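K.L.:
Take this structure, written in structure tokens, and hold onto it; I'll ask about it next.
The values are calculated or read from the model by the stated rules, or taken from the named source; none is laboratory data. Source: prediction; values computed, not measured. Virtual Cβ from ideal backbone geometry, glycine too; neighbours counted across all protein chains shown. What goes into the accessible areas is simple: the full protein's heavy atoms, side chains included, and nothing from ligands, DNA or RNA. Shrake-Rupley method; radii C 1.70, N 1.55, O 1.52, S 1.80 Å.
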Amino acid sequence: MKRNQLLSIAVAAVISFGCSLTPYVTCGIDITDSGISDSTVTDSSETSGMCGNQLRWNFDSEGTLTISGEGEMYPFGTDLAPWANLEVKKVVLESGVTYIATNAFYDCYMVTSIDIPDTVTEIDMYAFRGCTSLAEINFPEHLDYICWNAFEDTPWYKNNTDDMIIVDNILMRYKGTATDVIIPDTVDEIADYAFKDCTSFSSISIPDSVVEIGRSAFQKCTSLKSISVPEKVVSIGDYAFEDCSSLSEISIPDGILKIGIDAFSGTPWYTKCDDMIIIGGIFYQYKGKESEITVPDGVFQINDYAFYGCKELTSVNLPDTVRLIEKKAFYGCSSLSSINIPENTESIDDYCFADCESLSSITIPDSVYYVGAGAFIRCKNLETVELSESTIFISERLFSGCTKLKSIHIPINPDYIGRYAFADCSNLTTVTIDKGIRLISDCAFINCSSLSSIDLPDSIEYIGEGALYGCTALKEITVPKSITMFGRAAIGQKNDDRTIYGYSGSEAEKYASAYGLPFVAIADQPSSLIFGDFTGDSVIDGRDASGVLTLYAKSSVGSTSVTPEQLKVGDVTLDNILDGRDATVILTYYAYTSTGHDVGLEEFISSSPQTTTTTTTTTITSTSTATTSTSTSNTTTTTVKTTTPTTTTTITKTTVPSTTTASAVFTGVP
């Protein structure tokens, strides 16, 4: 599918806990007696079932296949649909279906006509291939994408006598032989492969209405001499003009946002370009052999494969204008030892720095919200990593094979750690995870043989199959109550030299019993929650402010809710609301102490000018022992007096100009 599915994929992975129930042969895990079959072959006798997360299919006695529900079909890929072996005579697509998958109706040779509902926005490869009787098709009014070969082998396609097959303003295919081609101004998209291998025309006029030129759209149009890309075009697909051996003149607008890989390779225009090919604000490709380069100001995107395989490259200086570093941009730059990620960068795409074997350290600024799969895979000399506080998840295989990486701190914002994220990091000894992570996916830390310490916060709900498999140095692990489910061999196997610490009656105890591992019960002891220490690491710093602000943003849009514990620790203004004012106070305190002032939060508040004082009494249920804490400040006092089962906490509240702030140390479970 062409649409950007980053957030929907992330949400789906979290909802499903990223759990695969098939045996992990690739993990090297020997899990027996699972009772689960690898077979996914559909029984030809089946006449109904699911064909999408919210789509059902039904085949009746008259040969009618009906697909109902809402959303997309499963991506069948090279596999056949579950109805492939049935004699389908008629297809009914009910309103609600949005995506027709690859090979969806492959070889439904008895179907003569089909109505595609208006809810459908995408029709993928070979969707109706082999439908040799399909002569009538009613298309929806608004399609976002239609693959050029979706209707290959159908009479509808073969009998179309027009030079240009245009469906809903998408130019699917050119079948003519003219030397000069004029595309009508009703077209707004030139589809993938639309003019591929058309060698007759030497010139083509593309109207101003066009906004997208698809993958391989003009590939191997060997007679084409010049092209003027209209101002409204924002995307040129992979290989769009590749091997147009006569194409020497190309005009591209500065407003272009995306240029695919090898879009102009094999053209005279490409051959005569400078070493740095910059189109608009896109650093398209580097052709040179220099060891050190500086990318000029104004570049906002480092394109896919821009420096791919530049083995001589040792140092790259990126300007502050760079926002996007695209897929495999520096893949295989084996000598690259120095590169800066600018403060305005938002995204580092899949396998961006894969196999950069000389890279020893990397700092990902907090502006980066997405780091793609395998972005630093097999960076064998990478020792130091500082992750962005804004990263929405830790992608799969992100640091897999980084054999010199010794420790990692995972900040509060990511929701999950992806599959194989730290696989085979053989020197990784310490993993610190801030409260916020809900999921550790399958094989996340597999074969981290030196890992001896991992802190699991009480936000984690699931640990996947083989997550800590092969971590032979990990002799003990403390499991929080929050975990409600384990995958197979998640935190240890039979005969492992590992003790599990957890709470009586918890899933951890059940797991230890199932795998014959030693289990030590820990008491339900209260934790000491420091007012303002939102991450719970006993330090009040910028991470706490970031954590408060992130949770405030998420709760404001309804994607999560603030727990009572989070409110009591983070609500430093004591207004029963966790918001930006709390983050401001925490950040102000952190900035003050960072300049060398050794002062507690209470004293900092009490010594602030123009303060007024009020007193608030909060009752907190607890089973803690009696504790008294008194501040040295004249205006701040915290008294905790326990009589089981309640604790009365008296907090002196100090008001700072424009912001209400409080100081206290809570002893006891909130």
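K.L.:
Tell me, what is the 1.4 Å probe accessible area of TRP148, in Å² to the nearest 10?
P.N.:
50
K.L.:
Loop only by DSSP, 15 or fewer other Cβ within 10 Å of the Cβ. Give me the trypsin sites (Lys or Arg not before Pro) in the range 248-338 that pass, ordered by residue number.
P.N.:
LYS272, LYS287, LYS289, LYS311
K.L.:
So, one more: If you average the alpha carbon positions of the range 199-239 and of the range 482-518, how far apart do those two centres end up, in angstrom?
P.N.:
Using only Cα atoms to place each centre, the spacing works out to 60 Å.
K.L.:
When a/c is below 1.5 the answer is rounded, else prolate if a/b is larger than b/c, else oblate, so apply that to the range 469-541 with a ≥ b ≥ c taken from the square roots of the Cα gyration tensor eigenvalues.
P.N.:
Prolate.
K.L.:
Oh, and also: Where does each of SER482, SER504 land when they are ordered by accessible area, with a 1.4 Å probe and the largest first?
P.N.:
Correct descending sequence by accessible area is SER504, SER482.
K.L.:
Could you tell me what percent of the accessible area of the range 263-367 is made up of carbon and sulfur, with a 1.4 Å probe and every protein chain present?
P.N.:
Carbon-and-sulfur percentage of accessible area, whole number: 41.
K.L.:
Taking a ≥ b ≥ c as the square roots of the Cα gyration tensor eigenvalues, with a/c under 1.5 meaning rounded and otherwise prolate when a/b beats b/c, else oblate, which class fits the range 326-463?
P.N.:
Oblate shape, in that a/c is at least 1.5 and b/c is the bigger or equal ratio.
K.L.:
Right, another one. Give me the 1.4 Å probe accessible area per residue for the range 228-361, excluding ligands and nucleic acids, in Å².
P.N.:
That works out to 40 Å² per residue.
K.L.:
Right, next: Any idea of CYS273's accessible area? Nearest 10 Å², probe 1.4 Å.
P.N.:
30
K.L.:
Mind jotting down the distance between the C-alpha centroids of the range 42-110 and the range 167-196, whole Å?
P.N.:
About 31 Å separates the Cα centre of the range 167-196 from the one of the range 42-110.
K.L.:
Something else: Top to bottom by accessible area (1.4 Å), largest first, where do ASP118, ASP544, ASP455, ASP537 land?
P.N.:
In descending accessible area the options line up as ASP118, ASP455, ASP537, ASP544.
K.L.:
Around GLY374, under 12 Å between beta carbons, what's the net of Lys plus Arg minus Asp minus Glu among the other residues?
P.N.:
Neighbourhood net charge equals +1.
K.L.:
Which of the three applies to the range 61-156, rounded, prolate or oblate, going by the alpha-carbon gyration tensor with a ≥ b ≥ c and a/c under 1.5 meaning rounded?
P.N.:
rounded
K.L.:
Accessible area per residue, 1.4 Å probe, Å², for the range 465-581: what's the number?
P.N.:
I get 47 Å² per residue for the range 465-581.
K.L.:
Also: Could you pull out the pairs from LYS220/LYS289; LYS258/LYS406; LYS494/LYS554; LYS196/LYS328; LYS90/LYS327 whose alpha carbons sit more than 31 Å apart here?
P.N.:
Too far apart for the 31 Å limit: LYS258/LYS406; LYS494/LYS554; LYS90/LYS327.
K.L.:
Excluding ILE364 itself, calculate the net charge of residues whose Cβ lies under 10 Å from the Cβ of ILE364, where each Lys or Arg counts +1 and each Asp or Glu counts -1.
P.N.:
Within the 10 Å Cβ shell, the charges total -3.
K.L.:
Further question: Report the accessible area of LEU578, computed with a 1.4 Å probe over the heavy atoms of all protein chains in place, in Å² rounded to the nearest 10.
P.N.:
Surface open to solvent at LEU578 totals about 10 Å².
K.L.:
Let me ask something additional. Could you pull out every one of the aspartates and glutamates with an alpha carbon less than 17 Å from that of LYS232, ignoring same-chain neighbours closer than 8 positions?
P.N.:
Within the straight-line limit of under 17 Å, LYS232 reaches these aspartates and glutamates: ASP144, ASP185, ASP188, GLU189, ASP208, GLU212, ASP254.
K.L.:
List the GluC sites (Glu not before Pro) within the range 88-155 that DSSP assigns to loop and that have no more than 10 neighbouring Cβ atoms inside 10 Å.
P.N.:
Sparse-neighbourhood loop GluC sites (Glu not before Pro): GLU141.
K.L.:
Order the following by accessible area, largest value first: LYS225, LYS404. Probe radius 1.4 Å; ligands, DNA and RNA are ignored.
P.N.:
I get LYS225, LYS404, largest accessible area first.
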